[in-house]
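Worksheet: the structure to be examined is printed underneath.
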Amino acid sequence: MKLSPLQKVRYQYNPKLPGMLRKGISEICVKNGDATQSVADQEKIQALFPNTYGKNEITFQIGKNTAEAKKQVVGVILSGGQAPGGHNVICGLYDALKAGNKDNVLYGFKGGPSGLLEDDYVIFDDEYIDSYRNTGGFDIIGSGRTKLETAEQFAVVAEVCKKHGITAIVIIGGDDSNTNAAVLAEYFAANGTGVQVIGCPKTIDGDLKNEDIECSFGFDTATKTYSEIIGNIERDANSAKKYWHFVKVMGRSASHVALECALQTRPNVCLIGEEVAAKKMSLAQISNYIADSVADRAAKGWNFGVAIIPEGIVEFVPEFSVLIAEINELLAGEKTEQFNALPTWKDKYAFIEAGLTKESMAVFAILPESIQQQLFLERDPHGNVQVSLIESEKLFSALVKDNLAARKAAGTYKGKFSPLHHFLGYEGRCAFPSNFDADYCYSLGYNAFMLIQYGYTGYLSKVSNLSHPAEEWKAGGMPITKMMNIERRNGKDKPVIRKALVELDGKPFKYFAEHRDQWAVETCYVYPGAIQYFGPSEVCDTTTVTLALEQE
């Protein structure tokens, strides 16, 4: 395989570890912290996790290693969507294993959790690992979205572990994957298998964080990648001076990506789903808000601009959520076949009109026909609308266009509006990791081995103090159950890790809110440029604006 010059050089990059992990495995000891409890529903969570609930948080520090000396055979899986830096988690885990004992073994199970169920694996060696250091993607073993959640699956995994003599499993994933890790750890503990389970926090969406997990890995690289593109689009807009660009970015359940990209690039408009929900904003109010920026800029002779739209924005709009719920009910069971059998869109529209409430039909009627039809595309496995298929960037540009037409008819707007559309998603998930993510991920993997060596299970690998130089980072672990609460999923109460939404009273959003009125009217664009890997630390090793503001 022919390598790019950058890839060749990145193989040689030596990731930075937290200071207490640099002394060598034999000089790392444990400091116990406080006992923990779940963020909510304590009695229910404790009842579900009697063997792993309430454990202490721990921190690693310099001192004599008191862990039991034994050979470790560890399995690792990548679970869920890709995020930059996943390869380095595995590389850090491998290097720590070998530093602890050259006879330790690392199994990589292919294709995510299904690799564990199907016993499909590779045994890592130096040559294999070295060809993936500091690179993007999950192609080292692949990923998957199979959930480990049934007793039958756990029994299969236990047999696979027994077959290979595996002493621990490391699950690299997001909130759902680490919820599964906690459930698997409880099963192993309850059945005396002796197999430990450790999780690592991954998601570019940024919604797996709390007071302990300052950020999930991949968020830094993905948002810098998107911000480079948005900055390029802003520069093009400012050059051509005739287009409004509507840019949708990833983040269905939270708007962290949109907010970070806005902080990096200063667009004219950025919607934050959590604010939309808090203010109970309607589609008309949102389109009016964007149209105000378009009109104010047009009054200055600037018929161009940039708007950032979170992927899941429509789910935060109360009236739209009600509409979705009614559509799901409208097409429940055999009604889907009845609807699909109707010959024309006119017939289907009449069916819809007869089945929706007056209020939801009023919302449906203002949608562009293309968006109306998207609401009736293929359903998810539960028969529900797949909101992620809705082209919200096109929805809002169409609503704004209608709004401006009404203003023009009333004589209050004389500008031109030519929208262009972009969706930034896959472009950021497998990017070359930034120095921050390369260092952070390597540290998470290295730290995961320390948790294994000291016998912990049901813990998440934790590296904190991340807004400071890596030398000052702190490493340790926290019980996954600390992050959990009970939520209703598919008609059942289930223990899950609570998603972290954008905090409207947090420093990042407050900074954005203080400046957005100026950005809406003026041209304040910032052009971040490409991720830098070489040069001054203030250029190459900085983390996100979000984290810098949160840790001020």
Practice prompt. Might you let me know whether the stretch 2-18 holds any residue that is more than 19 Å from Lys98 (Cβ to Cβ), among the small types (Gly, Ala, Ser) and touching a Phe, Trp or Tyr at 6+ places or on another chain (Cβ under 8 Å)?
Written response: no
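Residues checked against (1) of a type in the set (Phe, Trp, Tyr); (2) closer than 26 Å to Lys209 by Cα; (3) open to solvent by less than 50 Å² (accessible area, probe 1.4 Å):
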residue: Lys492; (1), (2), (3): no, yes, no
residue: Ile497; (1), (2), (3): no, yes, yes
residue: Glu503; (1), (2), (3): no, yes, no
residue: Lys507; (1), (2), (3): no, yes, no
residue: Lys510; (1), (2), (3): no, yes, no
residue: Glu522; (1), (2), (3): no, no, no
residue: Ser537; (1), (2), (3): no, yes, no
residue: Thr542; (1), (2), (3): no, yes, no
Worksheet item: Of (1) over 30 Å from Asp220 (Cβ atoms); (2) touching a helix residue (DSSP H, G or I) at 6+ places or on another chain (Cβ under 7 Å), Gly411 satisfies all except one. Which?
Response: (2)
Worksheet item: What number of residues in the stretch 84-138 are in contact (Cβ under 8 Å) with a residue 24 or more places away in the chain and part of a loop (DSSP other than H, G, I, E, B)?
Response: 18
Item to complete: Report, by residue number, each residue of the stretch 87-114 that is over 27 Å from Phe154 (Cα atoms) and aromatic (Phe, Trp, Tyr).
Response: none
Worksheet item: Could we say that Lys300 is touching a residue at least 60 places away in the same chain (Cβ under 8 Å), open to solvent by 10 Å² or more (accessible area, probe 1.4 Å) and among the basic types (Lys, Arg) here?
Response: yes
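Look through the stretch 376-395, keep the residues that are of a type in the set (Val, Ile, Thr) and assigned to a loop (DSSP other than H, G, I, E, B), and return whichever of them is modelled with the highest pLDDT.
Only one residue fits best here, namely Ile390.
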Fill in: Residue under evaluation Ser392, criteria (1) farther than 30 Å from Asp220 by Cα; (2) of a type in the set (Ser, Thr, Tyr); (3) in contact (Cβ under 8 Å) with a residue 60 or more places away in the chain, criterion not met
(1)
Worksheet item: Can you name every residue in the stretch 319-335 that is in contact with a Leu (Cβ under 9 Å, 6 or more places away or on another chain) and more than 27 Å from Lys279 (Cβ to Cβ)?
Response: Leu330
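Just checking, which of Ala190, Ala168 is modelled with pLDDT of 95 or more and surrounded by fewer than 24 Cβ atoms within 10 Å (Cβ to Cβ)?
Answer to the selection: Ala190.
Yes/no per residue for (1) of a type outside the set (Gly, Ala, Ser); (2) within 28 Å of Ala438 (Cβ to Cβ); (3) assigned to a helix (DSSP H, G or I):
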| position | (1), (2), (3) |
| --- | --- |
| Leu17 | yes, yes, no |
| Lys23 | yes, yes, no |
| Asn32 | yes, no, no |
| Ser38 | no, no, no |
| Glu43 | yes, no, yes |
| Ile58 | yes, yes, no |
| Ala67 | no, yes, no |
| Val76 | yes, yes, no |
Worksheet item: Could you list, in sequence order, the residues of the stretch 220-253 that are out of contact with any helix residue (DSSP H, G or I) (no Cβ under 6 Å at 6 or more places or on another chain), among the small types (Gly, Ala, Ser) and open to solvent by less than 40 Å² (accessible area, probe 1.4 Å)?
Response: Ala237
Fill in: Qualifying residues in the stretch 65-81 (those that are of a type in the set (Gly, Ala, Ser) and within 12 Å of Phe449 (Cα to Cα)) - the one surrounded by the most Cβ atoms within 10 Å (Cβ to Cβ)
Gly75
Practice prompt. Determine, yes or no, whether Asp517 is open to solvent by 10 Å² or more (accessible area, probe 1.4 Å), part of a helix (DSSP H, G or I), without any contact (Cβ under 8 Å) to a residue 12 or more places away in the chain and farther than 26 Å from Gly81 by Cβ.
Written response: yes
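Go through the stretch 282-321 and count every residue that is assigned to a helix (DSSP H, G or I) and either of a type in the set (Phe, Trp, Tyr) or under 21 Å from Ala398 (Cβ atoms) (or both).
Adding up the residues that qualify gives 24.
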Discussion item. Can you tell me which condition Asn210 does not meet? The list is (1) surrounded by fewer than 24 Cβ atoms within 10 Å (Cβ to Cβ); (2) in contact (Cβ under 8 Å) with a residue 40 or more places away in the chain; (3) over 14 Å from the mean Cα position of the chain (by Cα); (4) farther than 20 Å from Ile290 by Cα, and all the others hold.
Written reply: (3)
Worksheet item: Which ones in the stretch 258-281 are in contact (Cβ under 8 Å) with a residue 60 or more places away in the chain, surrounded by 24 or more Cβ atoms within 10 Å (Cβ to Cβ) and within 13 Å of Thr544 (Cβ to Cβ)?
Response: Leu259, Glu260, Ala262, Thr265
Worksheet item: Any chance the stretch 463-473 includes a residue that's open to solvent by less than 30 Å² (accessible area, probe 1.4 Å), under 26 Å from Val195 (Cβ atoms) and of a type in the set (Gly, Ala, Ser)?
Response: no
Worksheet item: Is it the case that some residue within the stretch 427-447 is over 30 Å from Val73 (Cα atoms), assigned to a helix (DSSP H, G or I) and out of contact with any Leu (no Cβ under 6 Å at 6 or more places or on another chain)?
Response: yes
Worksheet entry | Matching residues, the stretch 396-418, being part of a helix (DSSP H, G or I), more than 38 Å from the chain's Cα centre (by Cα) and crowded, with 17+ Cβ neighbours inside 10 Å | Arg407
Discussion item. For the list (1) in contact with an Asp or Glu (Cβ under 8 Å, 6 or more places away or on another chain); (2) assigned to a loop (DSSP other than H, G, I, E, B); (3) among the β-branched types (Val, Ile, Thr), I need the number of the one condition that Thr542 fails.
Written reply: (1)
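The values are calculated or read from the model by the stated rules, or taken from the named source; none is laboratory data. A quick note: this is a predicted structure, and the numbers were derived from the prediction, not measured. Backbone-built Cβ (ideal geometry, glycine too); neighbour counts: all protein chains shown. These area figures cover heavy atoms from the full protein model, side chains too; ligands, DNA and RNA do not enter into them. Shrake-Rupley method; radii C 1.70, N 1.55, O 1.52, S 1.80 Å.
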